[in-house]
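The values are calculated or read from the model by the stated rules, or taken from the named source; none is laboratory data. Computed from a predicted model, the values in this text were never measured in an experiment. Using ideal geometry, Cβ is built from the backbone for each residue, glycine included, and neighbour counts are taken over all protein chains shown. Protein only, heavy atoms only, side chains kept; ligands, DNA and RNA dropped before computing areas. Shrake-Rupley method; radii C 1.70, N 1.55, O 1.52, S 1.80 Å.
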Amino acid sequence: EAQVTQNPRYLITVTGKKLTVTCSQNMNHEYMSWYRQDPGLGLRQIYYSMNVEVTDKGDVPEGYKVSRKEKRNFPLILESPSPNQTSLYFCASSLSPAGPASQETQYFGPGTRLLVL
Amino acid sequence: AQKITQTQPGMFVQEKEAVTLDCTYDTSDPSYGLFWYKQPSSGEMIFLIYQGSYDQQNATEGRYSLNFQKARKSANLVISASQLGDSAMYFCAMREANTGNQFYFGTGTSLTVIP
């Protein structure tokens with residue numbers, strides 16, 4: 001089944017304790033992205049990647065790191081989480097960042113709810 | 001300036017009626033894509049419909065259609081014959097080619113379908 005998977009789905013942690021949220025897709029997609037969703041703010045892009053070893057900052061990259069060593073994986077790293085990073089996080093992927101709808105439509109993972117105490 | 005503006009935080013519609021969800025966008029890029037996503041209470045993001053900036057015709061997908069008015073920079077979603085299962089949050093989004101293909105989402109509209 002074609003899908004984007006994220007782990008963990010739920011995470012409670014404490015301030016300053018490094019954590020990684022994994023994201024994997026099995027569709028051979030080039031474009032991968034991380035978003036955070038907060039009430040009243042919609043989704044905001046954190047980082048995105050056009051292909052392996054190519055990453056770019058989105059609107060809210062502060063406090064986050066990413067890497068794209070393999071096409072299928074795009075982990076999100078919080079080196080020193082803070083309470084303002086408590087949020088719902090989504091990973092998404094698309095075949096290509098631009099082109100016909102069939103190529104650039106993003107498919108989302110199920111989301112990761114993070115609580116930083 | 002906001003790239004995507006959704007001015008309706010909440011909307012109500014009677015079952016079987018049509019409803020329009022508003023979306024305006026701000027870009028100077030001639031090449032862009034516009035998307036609508038649905039987020040039910042279960043939380044997943046479901047793609048609904050896409051419109052490319054060079055598409056001549058309005059996009060349609062089943063009961064969903066996108067009213068694309070390029071000069072007004074609006075991309076309203078029209079849902080015909082509303083069903084109870086349409087109750088959800090709806091997000092408008094845009095991808096700009098010249099910013100390196102960054103995506104921008106609006107703040108969403110919560111739609112409630114009344115029986």
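If you take every residue apart from A:Pro81 with its C-beta less than 9 Å away from the C-beta of A:Pro81, what net charge results, scoring Lys and Arg +1 and Asp and Glu -1? Don't skip to the answer; put the middle values down first.
Working: positive: A:Lys17, A:Lys18; negative: A:Glu79.
With Lys, Arg at +1 and Asp, Glu at -1, the neighbours total +1.
Quantify how much of the Cα-Cα distance distribution of chain B extends past 23 Å, in percent.
The answer is 24 percent, as a whole percent.
List nothing, just return the count: lysine pairs in the protein assembly as shown, 8 or more apart or interchain, with Cα separation under 30 Å. Counting lysine pairs in the protein assembly as shown gives 27. Cα centroids of the range B:37-95 and the range A:65-85: 30 Å apart.
Accessible surface for the protein assembly as shown, divided over its residues, is 46 Å² per residue with a 1.4 Å probe. Once you've got the GNM for chain A with C-alpha springs shorter than 10 Å, pick whichever of A:Lys71, A:Lys57, A:Lys17 has the biggest mean-square fluctuation. Greatest mean-square fluctuation among the candidates belongs to A:Lys17.
Residues whose amide H comes within less than 5 Å of that of A:Thr86, counting only those at least five positions distant or on another chain, are A:Val116 (H built at 1.01 Å from N in the peptide plane). Residues of the range B:1-35 with backbone nitrogen within less than 19 Å of a virtual label 7 Å along the Cα-to-Cβ line of B:Ala81, please, listed as ranges. Taking a point 7 Å out along Cα→Cβ of B:Ala81, the residues of the range B:1-35 whose backbone N falls under 19 Å are B:13-21. Antiparallel beta bridges, as assigned by DSSP with both residues in the protein assembly as shown, represent about 90 percent of the total such bridges. Largest mean-square fluctuation among A:Pro75, A:Pro39, A:Pro61, in a Gaussian network model of chain A whose springs join Cα atoms under 10 Å apart, belongs to A:Pro39.
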